[in-house]
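The values are calculated or read from the model by the stated rules, or taken from the named source; none is laboratory data. Small disclaimer: the values here were computed from a predicted structure and weren't measured. Because the Cβ atoms are built from the backbone with ideal geometry, glycine has one as well, and the counts that use them run over all protein chains shown.
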Amino acid sequence: MPSRVTPILLVVPLTLYMLAFYALPVASMLLRSIADPSWTVENYLRLAHDSVFLAVSWNTLRTALVVTLGTLLLGYPVALALSRLRHGAAAVVLAIVLLPFWTSVLVRSYAWMVLLGRRGLINELLLSAGLIDSPLRLLNTPLAVHVAMIHILLPYMILPIASVLRQIDRALLRAAAGLGASPRRVFSQVVLPLSVPGVVAGILLVFVLSLGFYITPALVGGPRDLMLSMLIAQQVDLLNWPYAACLSVALLAMTLLLILVLQRLPAVRAVLRAATQ
Amino acid sequence: MIGRSVFAVYWLMALVFLAFPIVIVAALSFSSASYLTFPPPAFGVRWYRAFLGSREWLDSTWLSIAVAGSVVVVATSLGTLAALGLRHLTGAVRAAIGALILSPLIVPGIVVAIGIYYVFAAYRLVGTALGLVLAHTCLAVPFVVTSVSVSLAGLDRRLEQAALSLGATPSATFRQITLPLILPGILVGALFAFVTSFDELIVTLFLSGSGAVTLPRRMWDDLRFAIDPTIAAVSTLMIVLSAVLLLGAHVLRQRQATAQHKV
């Protein structure tokens, strides 16, 4: 059996690597928010009255909320269908869900630029159908950000829900049906309650990822619909490190708070444990 | 019955929504037009030729492959070692190290990016391939550790114990029993590491400067000026690469499942 010393030795190289090239750099950057040049919390006090910060935070939260709702509405039925399909068909659906999942966010954002542009597919279709006279402004709007982000994050909602639905004991469904429940009732009283852990896990994933989105809103969003991550990048370009660090702490705090709250739910814990094992 | 067909139409439309943008980009990359237009007047490989004929695009492609390849080597070796160690650790040490290693999955990309940029700039690592490899490895490592850990969790410990009790040295046990059984997990981790680095853009935007322009960075720069169909061709190649790697990971996972069941 391996001694107690060996496991530690195996972990040391990666731990040192992560400390040197990731944790310490991020920590030292975040420290600029309270140590510039002397210790102060003034930056944080200023945030409370900073109208730009408040507006951008609100926009970030609202976007995350809309995207989470959108992925839930589109994703749940797909997950449900996935759990009911026979083996071959399920594999095809799963491939359609996974391919975009593996395709780079940049490529998928570009696809939406192509679709929503002034001379994009959607405008061309509407024009040739005679529904509009001049191209609609679709790109560089909040709508474009929402649609593209829902598209990009949809697999993150489908996969945890599908994995929970697949584990539901078929005997329960047969029993409910055998006792006279209509298909609708079997769904609302058996399947839906049992799928809640997957739904909560999906919501957690999509919401947390949405909060930090950068590439997609920068490409398909308008100059005025800033997300927190875009504001942070802007401040770094202006070399305003204390403010950028302060905003980073705020974004990180929102993310961690959300995870801590949702992680306390026992249902989520079970799914996360299953996912990490 | 009506309810069932409404449901079928609904989820099929959601699937179309998922696949449609990717299909359109692929179709468009074969357009013969000099700008993006619908429907394409004719089809051809003009934009693939433009890609293959451009020094800049090719340089970026090679740089991306070289960086991702290096990341695979560093992340897979460090990550596999750590996963092997982590499974014997318990309590607070395991929790703390696990949190450190997995946190890049949760911490917003922009925070990681500017943190690394903040320090790397001081060491003149901005604009170098080395800087990109060092940074991308941090982002790729969580996938390797997770994938190898999953393999190790499915491994029957009695096989290792049997080998040891029959007189095999720990290193022989590792080479002849453990390693072959977790190899698919290591390779899946390596695939993930490759994709993570190859597609990475947020950290790259800050670190690549003018000296280390990767493929996603060049696409980003071009997108800001014009939606050139060359990008559609590059995107399609990236989608094909994703599909191939996805298939590879799938095959490896299946092999892992059968290997661990057989023994």
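Looking at (1) in a loop (DSSP other than H, G, I, E, B); (2) in contact with a Gly (Cβ under 8 Å, 6 or more places away or on another chain); (3) not aromatic (Phe, Trp, Tyr), can you tell me which one B:Thr146 breaks?
The number of the failed condition is (1).
Would you check if A:Pro13 is over 27 Å from the mean Cα position of the chain (by Cα) and part of a helix (DSSP H, G or I)?
So A:Pro13 passes the test.
Could you run through the range A:200-225 and say how many residues are away from chain B (no Cβ under 11 Å), in contact with a Pro (Cβ under 8 Å, 6 or more places away or on another chain) and of a type in the set (A, V, I, L, M)?
Residues that pass the stated criteria total 1.
Could you run through the range A:73-93 and say how many residues are crowded, with 18+ Cβ neighbours inside 10 Å and under 20 Å from the mean Cα position of the chain (by Cα)?
6
Residues are listed down the side, and each one gets a yes or a no for (1) over 21 Å from A:Val11 (Cβ atoms); (2) surrounded by 16 or more Cβ atoms within 10 Å (Cβ to Cβ); (3) of a type in the set (Ser, Thr, Tyr):
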position	(1), (2), (3)
B:Val144	no, yes, no
B:Leu152	no, yes, no
B:Ala193	no, yes, no
B:Ala212	yes, yes, no
B:Arg224	yes, no, no
B:Ala232	yes, yes, no
B:Thr236	yes, yes, yes
B:Leu241	yes, yes, no
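Checking A:Val78 against (1) more than 29 Å from A:Ile203 (Cβ to Cβ); (2) assigned to a helix (DSSP H, G or I): exactly one of these is not met. Which one?
So the condition that A:Val78 fails would be (1).
Return the residue satisfying two criteria in turn: it lies in the range A:255-277 and is more than 9 Å from every other protein chain (Cβ to nearest Cβ) and at pLDDT 85 or above, and of such residues it is farthest from A:Gln167 (Cα to Cα).
In this case the residue turns out to be A:Leu257.
Provide a single number: the residues in the range B:96-110 that are within 22 Å of the chain's Cα centre (by Cα), within 21 Å of A:Leu14 (Cα to Cα) and assigned to a helix (DSSP H, G or I).
Qualifying residue count, the range B:96-110: 9.
What number of residues within the range B:75-93 satisfy the criterion of being more than 17 Å from the chain's Cα centre (by Cα) and at the interface with chain A (Cβ under 9 Å from one of its Cβ atoms)?
Residues that pass the stated criteria total 10.
Take the residues in the range A:217-249 that are among the polar types (S, T, N, Q) and surrounded by fewer than 23 Cβ atoms within 10 Å (Cβ to Cβ); name whichever of them is farthest from A:Thr141 (Cα to Cα).
If we take residues in the range A:217-249 being among the polar types (S, T, N, Q) and surrounded by fewer than 23 Cβ atoms within 10 Å (Cβ to Cβ), then A:Asn240 is farthest from A:Thr141 (Cα to Cα).
Which condition does B:Leu105 not pass, out of (1) without any contact (Cβ under 8 Å) to a residue 24 or more places away in the chain; (2) within 18 Å of B:Ala193 (Cβ to Cβ); (3) exposed (fewer than 15 other Cβ atoms within 10 Å of the Cβ), if it passes all the others?
(1)
Go through the range B:184-207 and count every residue that is without any contact (Cβ under 8 Å) to a residue 40 or more places away in the chain and over 17 Å from B:Val71 (Cα atoms).
Total satisfying the criteria: 0.
Can we say A:Met18 is at the interface with another protein chain (Cβ under 7 Å from one of its Cβ atoms), more than 18 Å from A:Leu252 (Cα to Cα) and out of contact with any Lys or Arg (no Cβ under 6 Å at 6 or more places or on another chain)?
Yes, satisfied.
Can you confirm whether the range B:58-74 contains a residue that is within 9 Å of chain A (Cβ to nearest Cβ) and crowded, with 16+ Cβ neighbours inside 10 Å?
Yes: the range B:58-74 contains one or more residues that are within 9 Å of chain A (Cβ to nearest Cβ) and crowded, with 16+ Cβ neighbours inside 10 Å.
How about the range B:243-263: which of its residues are within 9 Å of chain A (Cβ to nearest Cβ) and surrounded by 19 or more Cβ atoms within 10 Å (Cβ to Cβ)?
Result: B:Ala249, single match.
Against the conditions (1) within 11 Å of chain A (Cβ to nearest Cβ); (2) out of contact with any helix residue (DSSP H, G or I) (no Cβ under 8 Å at 6 or more places or on another chain), where does B:Leu139 fall short? Just the number, please.
So the condition that B:Leu139 fails would be (2).
Take the residues in the range B:61-103 that are in contact with a Gly (Cβ under 8 Å, 6 or more places away or on another chain) and of a type outside the set (A, V, I, L, M, F, W, C); name whichever of them is nearest to A:Ala27 (Cα to Cα).
Per the criteria, the residue is B:Gly79.
Out of the residues in the range A:80-102 that are in contact (Cβ under 8 Å) with a residue 60 or more places away in the chain and facing chain B (nearest Cβ under 9 Å), which is nearest to B:Ala249 (Cα to Cα)?
Across the range A:80-102, the extreme among qualifying residues is A:Val97.
When the residues of the range A:118-140 are filtered to those that are touching a Pro at 6+ places or on another chain (Cβ under 8 Å) and part of a loop (DSSP other than H, G, I, E, B), which remaining residue is nearest to the other protein chains (Cβ to nearest Cβ)?
A:Arg119
Quick test for you: out of A:Leu143, A:Leu115, A:Leu159, pick the one residue that is modelled with pLDDT of 90 or more, more than 19 Å from the chain's Cα centre (by Cα) and in a helix (DSSP H, G or I).
A:Leu115
Do any helices (runs of 4 or more DSSP H) lying entirely in the range B:167-263 carry at least 2 residues that are of a type in the set (A, V, I, L, M, F, W, C) and closer than 30 Å to A:Ala91 by Cβ, and which ones are they?
Here the list reads B:179-199, B:229-262.
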